[in-house]
Amino acid sequence: MEHTYIVKGMTCQHCASAVTEEISELSGVTAVDVDVASGRVVVTSDVPMDTIAVAAAVAEAGYELVQ
């Protein structure tokens with residue numbers, strides 16, 4: 001399953017790495033693709049994603065989930 005989110009505040013590859021690392025720790029996540037320029041984060045998982053858990057992971061990385 002693919003889930004697309006918008007993350008606010010990312011400006012560089014380090015930002016993308018931090019977000020990728022935190023989201024990758026969530027149960028069921030198999031891949032994370034981050035586009036810093038657009039703020040788009042595509043999460044591939046083998047289970048439905050809990051948006052609250054994704055938002056918490058993004059916040060842990062220091063950024064904000066917009067949608």
For segment 19-49, give me each residue that is more than 12 Å from the chain's Cα centre (by Cα) and closer than 15 Å to Gln67 by Cα.
Ser38
Here is a list of conditions, (1) surrounded by fewer than 13 Cβ atoms within 10 Å (Cβ to Cβ); (2) outside any loop (DSSP other than H, G, I, E, B); (3) touching a residue at least 40 places away in the same chain (Cβ under 8 Å), and Val7 meets all of them except one; can you say which number that is?
(1)
Do you know which of the residues in segment 10-20 that are over 16 Å from Ala53 (Cα atoms) and touching a residue at least 40 places away in the same chain (Cβ under 8 Å) is surrounded by the most Cβ atoms within 10 Å (Cβ to Cβ)?
Met10
Complete set of residues in segment 21-59 that are surrounded by 19 or more Cβ atoms within 10 Å (Cβ to Cβ) and part of a loop (DSSP other than H, G, I, E, B)
Gly39, Met49
If you check every pair at least six apart or on different chains, which have Cβ atoms under 7 Å apart with a residue in segment 39-57 that is free of Cβ contacts under 8 Å to residues at least 60 places away in the same chain and closer than 13 Å to Ile23 by Cβ first and a residue that is in a strand (DSSP E or B) and of a type in the set (Gly, Ala, Ser) second?
Thr44/Ala31
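Values quoted throughout were computed directly from the atomic coordinates according to the rules given, and no laboratory measurement underlies them. Computed from a prediction, not measured in an experiment: that's the story for all the values here. Note that we place each Cβ from the backbone using ideal geometry, even for glycine, and neighbour counts take in every protein chain shown.
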